Protein chains: 2
Amino acid sequence: MEREPATRRRGSVLEDAIFAAVAAELAEVGYTRLTVTAVADRAGTSKPVLYRRWPSRAHLVYAAVSHGHRRPGPVPDTGSLRGDLLEWLADRAALARRWSADTLWGLLAESAADPALLAEIRGDLARPDDRRQIAEIVARAAARGEAAAADPAEPLLDLPAQLLRERFLLDRPLDPAALERIVDHVLLPLLSGR
Amino acid sequence: MEREPATRRRGSVLEDAIFAAVAAELAEVGYTRLTVTAVADRAGTSKPVLYRRWPSRAHLVYAAVSHGHRRPGPVPDTGSLRGDLLEWLADRAALARRWSADTLWGLLAESAADPALLAEIRGDLARPDDRRQIAEIVARAAARGEAAAADPAEPLLDLPAQLLRERFLLDRPLDPAALERIVDHVLLPLLSGR
């Protein structure tokens, strides 16, 4: 089946082609060397078409990277506090992997002069639903007698996401062993009261 | 007193002028718009002189930002675990402030293709002496009967620096209230065993 010419592609079909082109360029040359021209060529469209929707390279790349990843996943319910925390961290780590660290650094650097975009990227990294989801996990653990307090202070509710982010922002591995260290040495002692 | 012409300035005098020019350009235009030409002009020297010492803009800026900040400070000894942790965090926060977040992001983004420089920047963010310094603070607290264990696991020793870094990498404030929340809600409960 032949591809429809770019001029006749519309809406989500064109958008999908553009986002796929961004992903391919990121993989091939990385954020710093990615150009809007190369993305347009690869997607079979033109620079003006891209700039009409996204005012800068950073807006285009951020749209492509965050596309389809906005909704929070379901809150894990494995039957134990440890299981829930590990699954929550693994879910969030999988979500983080759509960014390569160099794309994230490039986006942050370039959006430093664009406060609205920077706020959006920072909000995506520190999702507002994180705290609510951890609170739900802890409340269930407290009902089972596993957590010291059903309603821990906000700094504790923010901690799982923070520890994940710190690794991610420095491009350190988010493998199961790293997540287990976070849970067993930090989160469980704090939330369960040992 | 007239400034010596650039051609006759040598070694640390020239280097100081160059690093001051980098700092001024960072403050005026930010990392993304900083050029090696503008730094050379401002320092009264030439691009080739700069490129002879630093192979790229990222190397030049990193040299300027990290200049004179390599040695770890003394380990705080205030007489209490809480006081030591707060002072340690405040010292590290002051050290972090020499970077603006946009400089850090720009350096990380640009050094993504330069593994040696990236390793150096990451090593500067996660200093090898952090763990040793926290271990010293905790051992002293244990000797005073304030800490649960004289020799906590590595994930606990890394935690103070990690929580600071997470805030710093997202350009969130490192004010005293934020540091107190880290100490009172996370570090003290974990290290003192309540």
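For B:THR7, indicate whether it is surrounded by 14 or more Cβ atoms within 10 Å (Cβ to Cβ), modelled with pLDDT under 95, hydroxyl-bearing (Ser, Thr, Tyr) and in a helix (DSSP H, G or I). Don't jump to the end; show me each part of the working.
Values: surrounded by 14 or more Cβ atoms within 10 Å (Cβ to Cβ): no; modelled with pLDDT under 95: yes; hydroxyl-bearing (Ser, Thr, Tyr): yes; in a helix (DSSP H, G or I): yes.
So B:THR7 does not fit the description; no.
Does B:VAL22 meet the test of being closer than 21 Å to B:ASP114 by Cα and in a helix (DSSP H, G or I)? For B:VAL22, the condition - closer than 21 Å to B:ASP114 by Cα and in a helix (DSSP H, G or I) - is met. Those helices (runs of 4 or more DSSP H) of region B:124-184 in which at least 3 residues are within 12 Å of chain A (Cβ to nearest Cβ) and either closer than 20 Å to A:ALA178 by Cβ or in contact with a Pro (Cβ under 7 Å, 6 or more places away or on another chain) (or both), considering only elements entirely within it, cover B:154-169. Of all the residues in region B:71-112, those that are out of contact with any helix residue (DSSP H, G or I) (no Cβ under 8 Å at 6 or more places or on another chain) and open to solvent by 50 Å² or more (accessible area, probe 1.4 Å) number 6.
Checking each residue in region B:113-130 for being surrounded by fewer than 14 Cβ atoms within 10 Å (Cβ to Cβ) and either in contact (Cβ under 8 Å) with a residue 40 or more places away in the chain or in contact with a strand residue (DSSP E or B) (Cβ under 7 Å, 6 or more places away or on another chain) (or both) picks out only B:ASP129. Across region A:27-38, the qualifying residues are those that are away from every other protein chain (no Cβ under 11 Å) and assigned to a helix (DSSP H, G or I), and the one among them that is most open to solvent (accessible area, probe 1.4 Å) is A:GLU28. For region A:99-123, filtering for residues that are outside any loop (DSSP other than H, G, I, E, B) and at the interface with chain B (Cβ under 10 Å from one of its Cβ atoms) leaves 14. Pairs linking a residue in region A:175-194 that is closer than 16 Å to A:ILE137 by Cβ to a residue that is of a type in the set (Asp, Glu), with Cβ atoms under 7 Å and 6 or more positions apart or on different chains, are A:SER192/A:GLU146. May I ask you to verify whether A:LEU85 is at pLDDT 95 or above, of a type outside the set (Lys, Arg) and in a helix (DSSP H, G or I)? It is true that A:LEU85 is at pLDDT 95 or above, of a type outside the set (Lys, Arg) and in a helix (DSSP H, G or I). Note on region A:123-150: residues that are under 23 Å from B:ASP171 (Cα atoms), in contact with a helix residue (DSSP H, G or I) (Cβ under 8 Å, 6 or more places away or on another chain) and among the charged types (D, E, K, R) total 4. Under the condition of being open to solvent by less than 70 Å² (accessible area, probe 1.4 Å) and touching a residue at least 60 places away in the same chain (Cβ under 8 Å), the residues counted in region A:131-160 number 7.
The values are calculated or read from the model by the stated rules, or taken from the named source; none is laboratory data. Predicted model only: the values in this text are computed from it and were never measured. As a convention, Cβ positions derive from the backbone with ideal geometry for all residues, glycine included, and neighbour counts pool all protein chains shown. Surface areas here come from the heavy atoms of the whole protein model, side chains and all, with no ligands, DNA or RNA. Shrake-Rupley method; radii C 1.70, N 1.55, O 1.52, S 1.80 Å.
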